[in-house]
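**Q** Below you will find the structure I want to go over with you.
The values are calculated or read from the model by the stated rules, or taken from the named source; none is laboratory data. Here the structure is a predicted model, which is why all the values come from computation and not from measurement. Please note: Cβ atoms are built from the backbone with ideal geometry, for glycine as well, and neighbour counts cover all protein chains shown. Accessible surface is based on the protein model in full, side chains and every heavy atom, while ligands, DNA and RNA are left aside. Shrake-Rupley method; radii C 1.70, N 1.55, O 1.52, S 1.80 Å.
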Amino acid sequence: MYDSREATVSRARPVVTVIGEALIDLTPHDGPGAPGMYRARPGGSPFNVAVGLARLGHHTVLMARLADDTFGRILRGHAAAEGIDLAYAPHATEPTTLAVVSLDADARASYDLYFQGTADWQWTAAETARVPDDTAVLHVGSIASWTPPGDEQIYALTAASHARGQVLISYDPNVRPRLLGEPGRARLLVERYASVAHIVKASSEDVGWLYPGTDIEQVGARWIELGTIVVVITDGAEGAHLFRAGSAPMHRPGRRVHVVDTVGAGDAFTAGLLDALLRQGLQRPDLVRRSSPAVLSAALDNAILISAVTCERVGADPPTSEDLRS
């Protein structure tokens, strides 16, 4: 099994650029089912992925529109403290997006977003054009990838990067049904990214809502037909499934842990998956296409481990390399 704890990051680390929202999660102070006070925690799926990658030792650039308000300064300060490169994160005049987190009896998270007119969706062509030239891996997805008006700029950046053929593109739709409306519209949005991404990661809940009554194998085949190289569908405590053209489907089991909450678990999984691929030197589409089943299986195990550790903690708090060693 590939173990990221035994690997070291070279001085010439590939640049991983993450673009999307950075918002404030207001999480229950006293845990699942308890009314009362909330804590303000940095969040947003792309922000969480960037933190996860930085904690695992990768050179991570965050392209997020960070507001010049109190919450925006919290986000900028937290990212800087994690060692994330913010040179390409615009200073936005609009306010920070807020997400109120609710936890059910099984500690599963749901979100109410306050996002009208906030900073995360106002991308301009000039801002997205500033993507670092030395980006090796581009991760996109979540709400910013399908919320106007900035979604068109993010898609244009992704499509242009795909056309160059050298940047490995990772995509997570991070479906939010109440924001997307109805599955038919959402499928069109997700599938256009599947046509310009090399790795698509989604949850079984995402897939079940997008394609009701359709097996995950059929969904994987659909996205591969559109152009994706590797499709990964997570299934909570049951682990994760991987699909790619010309290979048998792969499944890796989950880990039994004491779940505190699931906030950021999917984002930690994405960080763990990219971490494993990068540490094997698989930062180009052609290399991922030719990778062995053993390497991909180990990458899934790494992602599952990092997601499981995150579930044992409050909020989106992925492990560092040192945490894994200890």
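**Q** Condition first: in contact (Cβ under 8 Å) with a residue 60 or more places away in the chain, open to solvent by 40 Å² or more (accessible area, probe 1.4 Å) and outside any helix (DSSP H, G or I). Can you find one or more residues in region 290-297 that meet it?
**A** No - not one qualifying residue is present in region 290-297.
**Q** Now for a different question. Among the residues of region 100-118, are any acidic (Asp, Glu) and touching a His at 6+ places or on another chain (Cβ under 6 Å)?
**A** Restricting attention to region 100-118, the residues satisfying the condition of being acidic (Asp, Glu) are 104, 106, 112.
In the following step, the residues that additionally are touching a His at 6+ places or on another chain (Cβ under 6 Å) were identified as none.
Within region 100-118 (the criterion being acidic (Asp, Glu) and touching a His at 6+ places or on another chain (Cβ under 6 Å)), the answer is no, since none of the residues qualifies.
**Q** Going through region 228-259 one residue at a time, which ones are touching a residue at least 60 places away in the same chain (Cβ under 8 Å) and among the β-branched types (Val, Ile, Thr)?
**A** Step one: list which residues in region 228-259 are touching a residue at least 60 places away in the same chain (Cβ under 8 Å), which gives 229-230, 232, 234, 239-240, 259.
Listed by number, the residues that qualify are ILE229, VAL230, VAL232, THR234, VAL259.
**Q** Would you be able to say whether some residue in region 92-102 is in a strand (DSSP E or B), touching a Lys or Arg at 6+ places or on another chain (Cβ under 7 Å) and in contact (Cβ under 8 Å) with a residue 60 or more places away in the chain? Talk me through it step by step, then tell me what you get.
**A** If we filter region 92-102 for residues that are in a strand (DSSP E or B), which is where we start, we get 92, 98-102.
Among the residues that remain, those that are also touching a Lys or Arg at 6+ places or on another chain (Cβ under 7 Å) are: 92.
Next cut, in contact (Cβ under 8 Å) with a residue 60 or more places away in the chain only: none.
No, region 92-102 contains no residue that is in a strand (DSSP E or B), touching a Lys or Arg at 6+ places or on another chain (Cβ under 7 Å) and in contact (Cβ under 8 Å) with a residue 60 or more places away in the chain.
**Q** Looking at region 131-163, which of its residues are small (Gly, Ala, Ser) and open to solvent by 10 Å² or more (accessible area, probe 1.4 Å)?
**A** ALA136, ALA156, ALA159, ALA160, ALA163
**Q** Among the residues of region 193-218, which ones are closer than 23 Å to ALA109 by Cβ and either open to solvent by less than 10 Å² (accessible area, probe 1.4 Å) or at pLDDT below 95 (or both)?
**A** The answer is VAL200, ALA202, VAL207, LEU210.
**Q** Being over 18 Å from ASP267 (Cα atoms) and open to solvent by less than 40 Å² (accessible area, probe 1.4 Å) is the filter here; which residues of region 36-68 pass it?
**A** We begin by selecting, within region 36-68, every residue over 18 Å from ASP267 (Cα atoms); these are 36-40, 65-68.
Within region 36-68, ARG65, LEU66, ALA67 qualify.
**Q** Assess whether ALA87 counts as being modelled with pLDDT of 95 or more, assigned to a helix (DSSP H, G or I) and small (Gly, Ala, Ser). Can you show your working first?
**A** Values: modelled with pLDDT of 95 or more: yes; assigned to a helix (DSSP H, G or I): no; small (Gly, Ala, Ser): yes.
No.
**Q** Which residues, counting only those in region 91-114, are modelled with pLDDT of 95 or more and within 20 Å of the chain's Cα centre (by Cα)?
**A** Restricting attention to region 91-114, the residues satisfying the condition of being modelled with pLDDT of 95 or more are 91-97.
THR96, THR97, listed by residue number.
**Q** OK, next. Where in region 149-237 are there helices (runs of 4 or more DSSP H), lying wholly inside it, with at least 1 residues that are within 23 Å of ALA99 (Cβ to Cβ)? Before the answer, list the steps.
**A** Values: elements: 151-164, 177-180, 183-194, 204-210, 216-226.
In region 149-237, the matching helices (runs of 4 or more DSSP H) lie at 151-164, 177-180, 183-194, 204-210.
**Q** Evaluate the following for ILE169: is it farther than 21 Å from LEU278 by Cα and touching a residue at least 24 places away in the same chain (Cβ under 8 Å)? Walk me through how you get there before you give the answer.
**A** Details: farther than 21 Å from LEU278 by Cα: no; touching a residue at least 24 places away in the same chain (Cβ under 8 Å): yes.
Answer is no for this residue.
**Q** Let me ask you something else. Would you please name the residue that is farthest from ALA105 (Cα to Cα), looking only at residues in region 241-288 that are assigned to a strand (DSSP E or B) and open to solvent by 10 Å² or more (accessible area, probe 1.4 Å)?
**A** Residues of region 241-288 that are assigned to a strand (DSSP E or B), as a first pass: 241-244, 250-252.
Next, from what is left, pick out any that are open to solvent by 10 Å² or more (accessible area, probe 1.4 Å): 241, 243-244, 250-252.
Values: HIS241: 26, PHE243: 32, ARG244: 36, MET250: 31, HIS251: 28, ARG252: 26 Å.
The selected residue is ARG244.
**Q** Let me ask something additional. Residue under question is VAL230, and the condition is that it be in contact with a Lys or Arg (Cβ under 9 Å, 6 or more places away or on another chain) and open to solvent by 50 Å² or more (accessible area, probe 1.4 Å); does it hold?
**A** On the way: in contact with a Lys or Arg (Cβ under 9 Å, 6 or more places away or on another chain): yes; open to solvent by 50 Å² or more (accessible area, probe 1.4 Å): no.
Here the answer is no, as VAL230 does not meet what is asked.
**Q** In this structure, does THR96 turn out to be closer than 14 Å to LEU23 by Cα and open to solvent by 10 Å² or more (accessible area, probe 1.4 Å)? Can you show your working first?
**A** Details: closer than 14 Å to LEU23 by Cα: yes; open to solvent by 10 Å² or more (accessible area, probe 1.4 Å): yes.
So THR96 passes the test.
**Q** Does PRO177 qualify as being under 25 Å from ILE24 (Cβ atoms), in contact (Cβ under 8 Å) with a residue 12 or more places away in the chain, open to solvent by 10 Å² or more (accessible area, probe 1.4 Å) and not basic (Lys, Arg)?
**A** Numbers: under 25 Å from ILE24 (Cβ atoms): yes; in contact (Cβ under 8 Å) with a residue 12 or more places away in the chain: yes; open to solvent by 10 Å² or more (accessible area, probe 1.4 Å): yes; not basic (Lys, Arg): yes.
Yes.
**Q** Just one of the numbered conditions (1) open to solvent by 40 Å² or more (accessible area, probe 1.4 Å); (2) out of contact with any strand residue (DSSP E or B) (no Cβ under 8 Å at 6 or more places or on another chain); (3) among the small types (Gly, Ala, Ser) is not true of SER102; which one?
**A** (2)
**Q** Here's another thing I want to ask about it. Which count do you get for residues in region 276-304 that are more than 16 Å from the chain's Cα centre (by Cα) and among the hydrophobic types (A, V, I, L, M, F, W, C)? Write out each step before concluding.
**A** Quick first cut of region 276-304, residues more than 16 Å from the chain's Cα centre (by Cα) only: 279-298, 301.
Add one more test, that the residue is among the hydrophobic types (A, V, I, L, M, F, W, C), and what stays is 282, 287-288, 294-296, 298.
Selection size over region 276-304: 7.
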